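Inspection log for the structure reproduced underneath, given as structure tokens.
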Amino acid sequence: MTESNVDGAELPSWVERVAMFLAQDGVPPIAGRILGWLMICEPPEQSARQIGESIGASRASLTTNMRVLITMGFVSRRTHPGERTGYYRIVDGAWEKVVRRQIATLASFCEITTDGMDLVGSDGARAARLREAHDVFDWMAKVFDDAPPLPSGSRRKADES
């Protein structure tokens, strides 16, 4: 599908797919819809009113969920000179920053599981449960440490949007 023939009925369906995907990891559905909309909307910078009309969300729900996305590092808010309206957009490089932060957080769980094994000893059911978690998080840390760098062509430049 090219940009010129995007059907208006297809956009909400795609946005909902994004929301449901992110909901699997605990992202509230409205926050997922906001993020999905900001990924695909034109222009890439939208007011709360525009976003709300596009995804069918109330102003109160938008405000709460926008804070979630801003805190997560996905969305930024700015105003234009002479206007009071805030405009939201996806932060350039947000996906990589957010994923790297999540990986670092998950990998740091190895320290916690190591401390737990030191606490309960290396034998028994408790140690086995801790070791299982430790091995998974240790494996993830090694996989991501050995991963190739993100291709530079996949990063969007601000002036391209």
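A short reminder: the numbers here are calculations on the coordinates, not readings from a lab. Computed from a prediction, not measured in an experiment: that's the story for all the values here. Counting neighbours? That spans all protein chains shown, and the Cβs are built from the backbone with ideal geometry, glycine included.
Of the trypsin sites (Lys or Arg not before Pro) found in region 1-98, the ones in coil according to DSSP and having at most 13 other Cβ atoms within 10 Å of their Cβ are Arg84. For log10 I(q)/I(0) by the Debye sum over Cα atoms at q = 0.13, 0.14 Å⁻¹, which listed value, (i) -0.65, -0.75; (ii) -0.59, -0.69; (iii) -0.77, -0.84, comes from the coordinates shown? The calculated read-out lines up with (iii).
Comparing Glu83, Glu45, Glu111 in a Gaussian network model of the chain, where Cα atoms under 10 Å apart are tied by springs, the biggest mean-square fluctuation is seen for Glu83.
Taking every C-alpha pair closer than 8 Å and separated by at least 6 residues, the mean separation divided by the residue count of the chain gives a relative contact order of 15 percent. Taking amide H positions as modeled 1.01 Å from N, with prolines and chain starts lacking one, the residues under 5 Å from Val91 and 5 or more places away or on another chain are Val75, Ser76. Counting 0.36 nm for each residue step from Gln50 to Arg129 and taking away their Cα separation leaves a gain of 23.6 nm. Classify region 94-154 from the C-alpha gyration tensor, please: rounded if a/c falls under 1.5, else prolate or oblate depending on whether a/b exceeds b/c. Judged from the Cα gyration tensor, region 94-154 comes out prolate (a/c at least 1.5, a/b above b/c).
Each part reduced to its alpha carbon centroid, region 65-85 and region 17-60 end up 13 Å apart. Normalising by residue count, region 3-90 has a Cα convex hull of 94 Å³ per residue. Applying a length cut-off of 18 Å (Cα extent along the axis) and a mean Kyte-Doolittle floor of -0.5 to the DSSP H helices of the chain leaves 10-23, 59-72, 94-120, 125-146.
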